[in-house]
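First up is the structure itself, then whatever we jot down about it.
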Amino acid sequence: MTSSNPSSQANWPIGWTVTWVSETGSTNDDLFAAARSGAADRSVLVADYQTAGKGRLDRTWEATRGENLLCSLLFRCTIQDAPRYPRAVSLAARAACASISGRTPRLKWPNDMVIGEAKLGGLLSVASPSEGFVVVGIGINVGWAPDGAAKLRSDDSVATNASSITPLHLLAAMLREVDHCLSLSDDQLHSMHRAALSTIGLRVRVEKTNGEVLIGSAVDVDSSSRLLVRDDHEVMHVIDVGDVIHLRAG
């Protein structure tokens, strides 16, 4: 569903193609389909509202209409380079939030943005290695947040223009930051990602998709962004996928 397009008035960085819709099921689903039909590298789909927004592990992602940033970004890439893009987008989103709101979120492994322990946003990536692309979806609470979550337009924001922040302002800032992050080397991206993670150094509970539970200390992330957790028997575990609950400082 489309109508008068507010994104046409935005100052998008050169090289990005941004499409706005007032409502859709899922920007990730739509952009994934568009990628298979030949959509260009650095295409972006942003929506005011999603009827079937997705989080990790098939969870729903809900937001009040027009209040939050709900978008997906398409990158044409090799299989080897695909892991760079979710990392770059998460770091870019963090930098954009800081620059326009004065609130600098931390990253919670694997794909959340948090202020303190309150969730501000999250990422969900889907890829087609055989077709050479990855779609990175991101949702960030700008003007609305569910109970217990954080948002950028907050009374305690230090930015003087905090009340005027819009999802499209945040998107434009984020795309500029993505360009910067993608200009960095893999080692630089890894170092920045590690430094931004609030999970490292904490005692954590990891709930795996197979139902197993691991409790230990999160000590690092490897170059593939897998979490390294040392359990109470000093055994190191490499975690690809799982839900992480922060328990206390290690």
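Every read-out reported here was derived from the displayed coordinates using simple, explicitly stated rules and does not represent laboratory data. The model shown is predicted, which means the values in this text are computed figures rather than measured ones. Backbone-built Cβ (ideal geometry, glycine too); neighbour counts: all protein chains shown.
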How many nm separate the modelled label positions at THR51 and LEU247, each set 7 Å beyond the Cα in the direction of the Cβ?
4.4
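Could you tell me what percent of the DSSP beta bridges with both partners in the chain are antiparallel, to the nearest 5?
Working: 48 of 55 bridges.
So the antiparallel bridges amount to about 85 percent of the total.
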So if I place +1 on the C-beta of Lys and Arg and -1 on the C-beta of Asp and Glu, and nothing else carries charge, what would the dipole magnitude of region 202-249 be about its Cα centre? I want it in debye, nearest 20.
160
Taking the alpha-carbon distance from LYS151 and a cut-off under 14 Å, which aspartates and glutamates remain once sequence neighbours fewer than 8 residues away in the same chain are dropped?
GLU62, GLU67, ASP112, GLU117
Of ILE79, ILE138, ILE115, which has the largest mean-square fluctuation in a 10 Å C-alpha GNM of the chain?
ILE79
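What number, rounded to the nearest 500 deg cm²/dmol, is the helix-based mean residue ellipticity at 222 nm of the chain, given -39500 (n - 2.57) per DSSP H run of at least four residues and division by all its residues?
On the way: 4 runs with 55 residues, N = 250.
Mean residue ellipticity at 222 nm (helix-derived): -7000 deg cm²/dmol.
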Just need log10 I(q)/I(0) for region 172-250 at q = 0.12, 0.24, 0.25, 0.26 Å⁻¹, Debye formula, equal scatterers on the alpha-carbon atoms, no solvent, rounded to two decimals.
-0.41, -1.06, -1.12, -1.18
Over region 202-249, what relative contact order in percent results from Cα pairs under 8 Å that are six or more residues apart?
42
Residues of region 194-226 with backbone N under 16 Å of the label point set 7 Å from the Cα of MET236 along Cα→Cβ are 200-201, 216-226
